[in-house]
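In what follows, a single structure is set out as structure tokens and then discussed.
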Amino acid sequence: MHDVAIPRSAATTPEMREFSSNDLYEIIAISVLAPASWLVPHRLWDFVSVALSSAIAFLRPDITRRRMQRLERCLDGRPIPDSLLSLRVRIMAGYMEERLQILREYRPGGWRGHIEMTGREHLERALERGRGAVLWVCPFTYGDLVVKTAMARAGDRVTHLSADARGFSPNACHPWVPTRFGLRYLSRLRTAIEDRYIEDRVAMPRDGALGYVRRVERLLRNNGILSIRAGRNGHRTLEMPILGGTLTLATGPPSLAQATGAELLPVFVIRRGPGHFEVVFEPAMKPAEDADPRAAVEDLMGRYTRLLESYVLRFPYMWSGWYQMRFPDRET
Amino acid sequence: MSVAAADILTQLRSFLAARHQLEDDVVLEESTGLLGRGIGLDSVEALQLVGQMEEAFGLTIGDEELDAMHFQTVGSFVRFIEAHIR
């Protein structure tokens with residue numbers, strides 16, 4: 001594990017482009033999936049997503065081969081329940097199904113998936129302590145909307161901390177480079193739906209100003225619930241060993257919990273079947289008592305990454321990080 | 001260097017030392033990075049540092065004043081706090 005100096009967010013790039021080919025790809029995907037999301041029954045989404053993904057994998061064998069090589073490199077010999085081709089197809093299918101959920105939300109009646117919660121007692125226990133809870137939400141497909149929907153259905157008032165710039169497709173095969181068009185329209189397509197299920201959204205401003213940190217600290221000190229998706233957006237990031245490579249993760253969630261005394265709860269989403277999800281609250285991660293604050297945060301980062309890896313190996317098609325992994329020792 | 005700047009540097013050094021982020025013999029240069037690069041504070045640590053300065057010098061610094069440019073280097077941070085002390 002080591003510190004890496006990367007930009008706080010791609011959104012801090014001063015020369016933001018107006019439009020990109022990724023935007024065009026998203027528009028095409030939305031154009032194809034929007035009618036399906038409104039007209040095709042929930043129970044057939046899995047079939048539609050897998051059929052489309054299989055067709056794409058078949059029609060673009062060069063890309064499919066490269067993706068499978070990438071997955072193999074990430075796994076570095078670790079066994080998974082699926083073949084690499086099946087995993088490649090399921091990752092794409094998850095990408096599509098998540099979009100179907102979001103687009104369905106725009107139809108009257110919205111998306112009505114079945115969501116179970118496991119380990120919710122950990123959250124209740126955290127709130128009984130009166131110092132708030134930081135939900136460290138896994139970077140899994142479906143994670144954003146499903147967790148927020150589940151929390152809203154349970155009556156929880158959640159504030160979500162997010163990057164100011166985020167794509168419609170955080171789990172896409174290519175990192176989304178923000179564009180003016182994307183920020184104005186594509187991001188809004190997603191956040192407008194998510195915002196129906198949360199109490200508030202705090203965005204990390206593009207200019208790097210830090211006032212938002214005080215806002216979320218006040219929320220936690222008032223025993224609030226703050227959700228943060230595990231990712232690379234933050235002023236300090238660490239390159240965490242995972243599988244056969246590394247993943248860049250921001251230290252924000254453990255650092256916030258450490259500073260405020262809030263409980264830090266890893267949250268995972270598992271797809272149990274078509275339209276059926278389980279949201280898992282893991283037990284609160286306690287910082288090591290004898291460590292200095294920075295060492296405690298780094299220890300929590302390591303424990304979180306190991307937990308993430310165990311979920312990835314059990315539910316590999318859920319993870320949106322396959323194409324973000326790095327291989328520092330082997331990079332030329 | 002003004003008296004205030006020297007005091008601010010002393011506070012900064014004590015903050016970093018308490019977190020094992022600074023060896024005793026390391027010289028803090030004006031150009032040493034504070035947030036992200038260099039010393040490598042994260043946003044929460046940067047706010048804790050501001051809190052320590054507020055307490056040490058009896059200051060109140062508003063949320064809207066916490067621009068990233070003040071945290072880029074040791075020098076910019078010292079000037080930021082110094083301006084509030086005056």
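What follows draws every value from the coordinates through simple rules; no lab data is involved. Bear in mind the structure is a predicted one, so any value in this text is a computation, not a measurement. Here Cβ is always computed from backbone atoms with ideal geometry, including for glycine, and neighbour counts include all displayed protein chains.
Each residue of the stretch A:99-113 in turn: what ³J(HN,Hα) in whole Hz from Karplus with 6.51, -1.76, 1.60 and θ = phi - 60°, glycine and Pro shown as x?
For the stretch A:99-113, the Karplus-derived couplings read 5, 4, 4, 5, 5, 5, 4, 7, 7, x, x, x, 8, 10, x Hz, x marking Gly and Pro.
Using every pair of alpha-carbon atoms in the stretch A:27-78, split the distances into 10 Å bins beginning at 0 and state the percent of pairs per bin, rounded to integers.
21, 36, 29, 13, 0
Once the principal axes of the Cα atoms of the stretch B:3-85 are found, what is the range along each, listed largest first in whole angstroms?
That gives 31, 26, 21 Å along the principal axes, largest extent first.
Restricting things to Cα coordinates, could you compute the convex hull volume per residue of the protein assembly as shown in Å³? Can you show the working numbers first?
On the way: hull volume 64.2 nm³, N = 418.
Measuring per residue, one finds 154 Å³ for the Cα hull of the protein assembly as shown.
For a quick check: sort A:40, B:78 by the number of other beta carbons within 10 angstrom, fewest at the front.
Working: A:40 15, B:78 25.
Ascending Cβ contact count within 10 Å gives the list A:40, B:78.
Taking amide H atoms as placed 1.01 Å from N in the peptide plane, list the residues 5 or more away in sequence, or in a different chain, whose amide H sits under 5 Å from that of residue A:264.
Long-range HN contacts for residue A:264: A:134, A:285.
Find the relative contact order for chain A and round it to a whole percent, using C-alpha pairs within less than 8 Å whose residues are 6+ positions apart.
Details: 545 pairs, mean separation 90.3, N = 332.
Normalised by residue count, the contact order of chain A is 27 percent.
Return the calculated 222 nm mean residue ellipticity for the protein assembly as shown, to the nearest 500 deg cm²/dmol, obtained by summing -39500 (n - 2.57) across DSSP H runs with n ≥ 4 and dividing by the residue count.
Details: 13 runs with 183 residues, N = 418.
Rounded to the nearest 500, it is -14000 deg cm²/dmol.
Compute log10 of I(q)/I(0) for the stretch A:8-112 with the Debye formula, placing one identical point scatterer on every Cα and leaving out solvent, at q = 0.14, 0.15, 0.21 Å⁻¹, to two decimals.
Result of the Debye calculation: -0.73, -0.81, -1.09.
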